[in-house]
Amino acid sequence: MLPPRIIIRPATVTASNPLDAASHTYIVLSQSEYRIIVEQAPLLIWRADTSGKCNYFNERWLAFTGRTFQEELGDGWSSGVHKDDLDRCMRTYLDALKRREGFEMEYRLRRYDGEYRWLLDAGGPIHDAAGQFIGFVGTCIDITDRVEARAALARATLKGLGFAT
């Protein structure tokens, strides 16, 4: 018996461009190939159930935080959020969950070495094959260099305008 396969079809279906096998390339991935992509992509990936409790973190997330899967489960991940960002972070996340709408936010998360790094976290609702809401999935990228560059530019602008920094 062949393993289940996932079909990725990078195509836009329109009336003038119907999706058919003759005009499009199909990439077929095995579950193990798909898992490699999800686990090793240069993104921190998480998933939450309908209550907002996180039930999945990819390998990159766990390597970034230096914490175990069990430590991150549920709301455990939030213990790594910087105290100055925690309330805003949780409010943004839980409001989006309640509305079942996507969100994007920046916050600091403690890395395995204790340094707080700025992340851009984008999440959105996911649905099963029947269209039933089953939770959220999200990705985070480290944007610390960008945040620090914006701050340096702001300081330089203020200094250029004659303000002490």
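Residues of the stretch 39-60 that are in contact with an Asp or Glu (Cβ under 7 Å, 6 or more places away or on another chain) and among the acidic types (D, E): E39, E59. For the stretch 118-155, the candidate set comprises residues that are β-branched (V, I, T) and outside any strand (DSSP E or B); within that set, the residue that is nearest to F103 (Cα to Cα) is I143. Pairs are defined by a Cβ separation below 6 Å, a sequence spacing of at least 6 or placement on different chains, a first member in the stretch 140-165 that is farther than 30 Å from R47 by Cβ, and a second member that is surrounded by 12 or more Cβ atoms within 10 Å (Cβ to Cβ); the pairs so defined are T165/R155; T165/L158.
Per-residue answers, yes or no, for (1) more than 20 Å from H82 (Cβ to Cβ); (2) acidic (D, E); (3) surrounded by 10 or more Cβ atoms within 10 Å (Cβ to Cβ):
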position: L109; (1), (2), (3): no, no, yes
position: A122; (1), (2), (3): no, no, yes
position: H127; (1), (2), (3): yes, no, yes
position: F133; (1), (2), (3): yes, no, yes
position: G138; (1), (2), (3): no, no, yes
position: I143; (1), (2), (3): no, no, yes
position: R150; (1), (2), (3): no, no, yes
position: L153; (1), (2), (3): yes, no, yes
position: G160; (1), (2), (3): yes, no, no
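Conditions tested, residue by residue: (1) surrounded by 16 or more Cβ atoms within 10 Å (Cβ to Cβ); (2) in contact with a Leu (Cβ under 7 Å, 6 or more places away or on another chain).
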position: A48; (1), (2): yes, no
position: S51; (1), (2): no, no
position: F64; (1), (2): yes, yes
position: L94; (1), (2): no, no
position: E106; (1), (2): yes, yes
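Where a number appears in this text, it was derived from the coordinates with a stated rule and is not lab data. This is a predicted model, so every value here is computed, not measured. Neighbour counts run over all protein chains shown; Cβ positions are idealised from the backbone, glycine included.
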